[in-house]
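What follows is a set of notes on a single structure, which appears directly below.
The values are calculated or read from the model by the stated rules, or taken from the named source; none is laboratory data. None of the values given here were measured: they were computed from a predicted structure. No Cβ is skipped: glycine too gets one built from the backbone with ideal geometry, and neighbour counts run over all protein chains shown.
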């Protein structure tokens, strides 16, 4: 973890970028939460434990990245309404058919593809701000899995963006 107090401010600026990112039909279903301090330690421990219990790789590696991060921005979708386009991108030809489907695995779904794009744009906007401010960052799926399983955020799908300020980028030089 770095000695820079500004990292919390950077996480807040990332959240602003995610909140104000464009969304389909101007409807916002994006959830945001900033994690810092002891919560990062617990998340790191929970990620390592989940990887061991599920026999899924790299939860340990990413958990150690979280332990060495200054903050994490969680970005999720909650109760995202269908865009109503009947485009079929979600896997069914009509939006009304999406109501009949429901599965729960690491995340709840299926979810309207346009709402997932909203989340992706929010993630990209947040990561862009971190990069512009020279905070090392990486969008991580594994953070979201454990954040959902441990109820760190109430959302159907979650991804996380950890940030760090050290001499080497801990998310890529591993």
### Message
Any residue in region 44-55 that is more than 17 Å from residue 160 (Cβ to Cβ) sitting within a Cβ distance under 8 Å of a residue that is surrounded by 19 or more Cβ atoms within 10 Å (Cβ to Cβ)? List the pairs, counting only those 6 or more apart or interchain.
### Response
52/59
### Summary
residue 7 passes all but one of the listed conditions (1) surrounded by fewer than 20 Cβ atoms within 10 Å (Cβ to Cβ); (2) over 16 Å from the mean Cα position of the chain (by Cα); (3) under 9 Å from residue 70 (Cβ atoms); the exception is number (1)
### Query
So which helices (runs of 4 or more DSSP H) are wholly in region 93-174 and hold at least 1 residues that are more than 16 Å from the chain's Cα centre (by Cα) and crowded, with 20+ Cβ neighbours inside 10 Å?
113-132
### Query
Looking at residue 16, is it assigned to a helix (DSSP H, G or I) and either buried (at least 18 other Cβ atoms within 10 Å of the Cβ) or touching a helix residue (DSSP H, G or I) at 6+ places or on another chain (Cβ under 6 Å) (or both)?
no
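Residue by residue, here is whether (1) at pLDDT 95 or above; (2) surrounded by fewer than 21 Cβ atoms within 10 Å (Cβ to Cβ); (3) outside any helix (DSSP H, G or I) holds:
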site: 33; (1), (2), (3): yes, yes, yes
site: 41; (1), (2), (3): yes, yes, no
site: 51; (1), (2), (3): yes, yes, no
site: 64; (1), (2), (3): yes, yes, no
site: 72; (1), (2), (3): yes, no, yes
